[in-house]
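Following: one structure in structure tokens, then a few remarks.
The values are calculated or read from the model by the stated rules, or taken from the named source; none is laboratory data. Values in this document were obtained by computation on a predicted structure and should not be read as measured data. Here Cβ is always computed from backbone atoms with ideal geometry, including for glycine, and neighbour counts include all displayed protein chains. The area values use the complete protein model at the heavy-atom level, side chains included, leaving out ligands, DNA and RNA. Shrake-Rupley method; radii C 1.70, N 1.55, O 1.52, S 1.80 Å.
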Amino acid sequence: MKLLRNLVLLVLAVCLTGCGYNAMQRQDEAVKAAWSEVLNQYQRRADLVPNLVNTVKGYAQHEEKVLTEVTNARAKVGSIQATPELANDPQALAKFQAAQGQLGNALSRLMVVSENYPNLKADGLFQNLQAQLEGTENRITVARNRYVQAVQAYNSMIRTFPNNLTAKMFGYTVKPNFSVENEKAISTAPVVNFGNGAPAPAASAAH
């Protein structure tokens, strides 16, 4: 009886492997890991906002509108529960993307405003925060690119035969993905430079 049970388990394992079950597990874990990195980089950016706003406020108190926009955008981002499950909900992911895009746009406007204050631009703390923000924007782009590719690979796998039969059996479904206006935006990280007075790339393509 024990031998028969072992044989059944062996046959089942071979069948599952042939139908892509193990590969689906690996792809699903790759998507989760990529999503965690996306959240990590977005959180890094959000953590920079309070110090950045306070530093700018010290030199540009009259820019209340822009400062308020950044603060409110960060609050909106913080109100969204960025859980692993969020990535599986198309509406929640779209809401998350919109909030991050709003924060990205607000930060871009803040950097443009800073060009009008030479003393602010020369401030060591501001320069450090600016450099951290630039680096974070690039890391966000790279992390999003990897996530998009991971989701594409996963979705392609579970939609092809015979993997689609295994996926249906075990409840694997197509995952939503970030939307971009320009597909090329997901293949290369743009050069982010807030120091030349020009706005950063549109958030809808890079955030």
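What the table shows:
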{"item": "Extension gain (nm, one decimal) between residue 112 and residue 81, 0.36 nm per residue minus Cα-Cα", "result": "8.2 nm"}
{"item": "Two-site label geometry, residue 29 and residue 88: point separation in nm, points 7 Å out along Cα→Cβ", "result": "1.7 nm"}
{"item": "Net length gained if the chain between residue 156 and residue 98 were fully extended (0.36 nm per residue, minus Cα distance)", "result": "18.3 nm"}
{"item": "Of all accessible heavy-atom area on the range 45-97, the percent that carbon and sulfur account for (1.4 Å)", "result": "48 percent"}
{"item": "Full-stretch length increase - residue 132, residue 68 - with 0.36 nm per residue and alpha-carbon distance subtracted", "result": "20.9 nm"}
{"item": "The range 60-147: GluC sites (Glu not before Pro) in DSSP coil with no more than 16 other Cβ atoms inside 10 Å", "result": "115"}
{"item": "Nearest-10 value in Å² for the accessible area of residue 108, using the 1.4 Å probe", "result": "10 Å²"}
{"item": "Inter-label distance, nm, simple model (7 Å from Cα along the C-beta direction), residue 61/residue 164", "result": "6.5 nm"}
{"item": "For residue 157, net neighbour charge (Lys/Arg +1, Asp/Glu -1) across residues whose Cβ lies under 12 Å away", "result": "+2"}
{"item": "Theoretical FRET efficiency, 1/(1+(r/R0)^6), r = Cβ-Cβ of residue 44 and residue 121, R0 25 Å, to 0.05", "result": "0.65"}
